[in-house]
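First up is the structure itself, then whatever we jot down about it.
The values are calculated or read from the model by the stated rules, or taken from the named source; none is laboratory data. A quick note: this is a predicted structure, and the numbers were derived from the prediction, not measured. Each accessible area value is taken on the protein alone, full model and side chains, heavy atoms only, with ligands, DNA and RNA left out. Shrake-Rupley method; radii C 1.70, N 1.55, O 1.52, S 1.80 Å.
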Amino acid sequence: MLLRLEFLFEHASHTLADKSGWGSRQSLGTLLEILEVLSRGDVKAEVHKELERQLIWLGRLESSEEVD
């Protein structure tokens, strides 16, 4: 599911650059699809767990003497 979200965010980024009517319609459709995926409870829980893991990892990097 996270790979699907990654694809959708990349697609949204790409379509937002298109200023035509079709580009706007495709951007809106992609954003609605992202909202649909993120509204699922299992996805919310998985994203929350992944963000927690990333925060822990960044905390370790921040406290490391080897990282500038």
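Descriptive notes on the structure:
- Percent accessible area from carbon and sulfur atoms, the chain, protein chains only, probe 1.4 Å: 60
- Option label - log10 I(q)/I(0) by the Debye sum over Cα atoms at q = 0.14, 0.25, 0.29 Å⁻¹ computed here, alternatives (i) -0.59, -0.99, -1.15; (ii) -0.38, -1.13, -1.48; (iii) -0.72, -0.99, -1.10: (i)
- Relative contact order, whole percent, for region 1-57 stands at 31, derived from Cα pairs under 8 Å and 6 or more residues apart.
- Per-residue SASA entry for Lys44, accessible area with 1.4 Å probe, Å² rounded to 10: 120
- Each helix, a run of at least 4 DSSP H residues, gives -39500 (n - 2.57); summed and divided by the residues of the chain, these come to -28000 deg cm²/dmol at 222 nm.
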